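A short worksheet on the structure shown next.
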2 protein chains.
Amino acid sequence: MLSLMLIREATDADWPAIWAFFQPITTAGETFTYPTDMGQDQARQGWLLSKPDRTVVALDEHGTVVGTAKMNRNHMGNADHIAGASYMVDPAHSGRGVGRALCEYSLNWARRNGYTAMQFNAVVATNTRAIGLYESLGFAVVGTLERGFRHPAHGHVGLHIMYRVLDEDPTW
Amino acid sequence: MLSLMLIREATDADWPAIWAFFQPITTAGETFTYPTDMGQDQARQGWLLSKPDRTVVALDEHGTVVGTAKMNRNHMGNADHIAGASYMVDPAHSGRGVGRALCEYSLNWARRNGYTAMQFNAVVATNTRAIGLYESLGFAVVGTLERGFRHPAHGHVGLHIMYRVLDEDPTW
């Protein structure tokens, strides 16, 4: 675990630090449904959200950006009580609780903003570490798009939809 | 069934005819996750897609617009082989096979454009007519977002994700 961690709103000034791990993660194409050749402008536009959505960075005890999360509305109209979120952790700082802290933060953000459910639209079935984390935070795999993801090493694998209702556990 | 039906690309000139049933359907808020107060500009922008996506209208034997469909990429990157589609049929012309014809058209469109799967992101669980149609065309409910949709008459109901792989049935 990190001895000290701050999660705060991301600014344009954080982008180079985010991009340093965002680019290799998306280029590897193993965990995100983003273009593997995504340019920096498209990435920044897609990741750094404005209100009412939110993007944050996690900083370690040295002030280093070790992870980031974006959180947003997932559906419109009569389904606009469902939030969404995405997380990215610098692999150099994995295993220290950064992803968990970001996920908990996003659940709190969703509650505070009136959402009553959160949905992850596309969790690659081979990303068992993320799936385990989400399950430990109350999410369940509610459906799988068979052959929904072309994994560069494993071929066609499933793409999970994960979901949890938020109004059952007020401790978040 | 319609005695004669043409499905062709939608043009701006078709919009008033589309809006005539699009507005009451979205205002009712029973079947789409669109804002129930959506204005005409937002609706037209969201529905009339440009290449490589596609929007079509179905015309009856009198040249009347009786339905419309949009079809598009559903995911990016290593999931960009999954298409999506939405359909709207004028209630005054329901029960005549318009929805089925539009759905079959979109499956053909998806195949022709290299997609190997199609996903419907948000099918309201009470919309049993649509669900039955999709199931008859090879789709399955692969997951349900419990309490995912606030139905104006039935309260919180499920929101289904429906899906089918396209490379199994070359007759489409």
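The values are calculated or read from the model by the stated rules, or taken from the named source; none is laboratory data. Here the structure is a predicted model, which is why all the values come from computation and not from measurement. Heads up, the Cβs are rebuilt from the backbone with ideal geometry, glycines too, and the neighbour counts pull from every protein chain shown. Note: accessible area is taken over every heavy atom of the protein model, side chains too, but ligands, DNA and RNA are not part of it. Shrake-Rupley method; radii C 1.70, N 1.55, O 1.52, S 1.80 Å.
For the range B:102-172, GluC sites (Glu not before Pro) are listed when DSSP marks them as loop and at most 15 other Cβ atoms sit within 10 Å of their Cβ; the list is B:E168. With respect to the axis relating copies A and B by rotation, the chain A residue whose beta carbon is closest, plus that distance in Å, is A:G143, 1. Distances between copies of A:G132, taken at a point 7 Å out from Cα along the Cα→Cβ vector and listed shortest first: 4.6 nm.
Between the alpha-carbon centres of the range B:114-128 and the range B:50-112 there is a gap of 12 Å. Considering only B:N78, B:G97, B:W15, and ranking their Cα positions along the charge dipole of chain B that arises from unit charges at the beta-carbon of Lys, Arg, Asp and Glu, the one farthest toward the positive end is B:N78. Scanning residues 5 or more positions from A:F149 or on other chains, those with amide H under 5 Å from its amide H are A:V157, A:L159, with H placed 1.01 Å from N in the peptide plane. Charge dipole of the protein assembly as shown (Cα centre as origin; +1 on each Lys and Arg Cβ, -1 on each Asp and Glu Cβ, all else neutral): 120 debye, rounded to the nearest 20.
Site pair B:R112 and A:S94 shows an inter-label distance of 4.3 nm when each label is modelled 7 Å from Cα along Cα→Cβ.
What FRET efficiency do you get for B:E61 and A:D80 if R0 is 35 Å and r is their Cβ-Cβ distance, rounded to the nearest 0.05? So the FRET efficiency works out to roughly 0.30. Computed with a 1.4 Å probe over protein heavy atoms only, the accessible area of B:T11 comes to about 60 Å². Whole-Hz Karplus values for the range B:144-153 come out as 9, 8, 5, 6, x, 9, 8, 7, x, 9 Hz, taken residue by residue from phi with 6.51 cos²θ - 1.76 cosθ + 1.60 and θ = phi - 60°; glycine and proline positions read x. The simple Förster model, with R0 at 35 Å and r as the Cβ-Cβ distance, assigns B:L6 and A:H156 a FRET efficiency of 0.45.
List the residues of the range A:48-94 for which accessible area in the full set of protein chains is at least 10 Å² lower than for the chain on its own; 1.4 Å probe, protein heavy atoms only. Buried on complex formation: A:H75, A:M76, A:G77, A:N78, A:A79, A:D80, A:H81, A:I82.
In chain A, a dipole from Cβ-located charges (positive for Lys and Arg, negative for Asp and Glu) runs towards its positive end, and of A:L49, A:V141, A:A69 it is A:V141 whose Cα lies farthest in that direction. Using R0 = 45 Å, the C-beta based FRET efficiency linking B:T27 and A:T126 works out to 0.55. For the range B:62-141, a crude dipole built from +1 on the beta carbon of Lys and Arg and -1 on the beta carbon of Asp and Glu, taken about the Cα centre, is about 100 debye to the nearest 20. Chains B and A together bury roughly 2500 Å² of accessible area, counting both sides, with a 1.4 Å probe on protein heavy atoms only.
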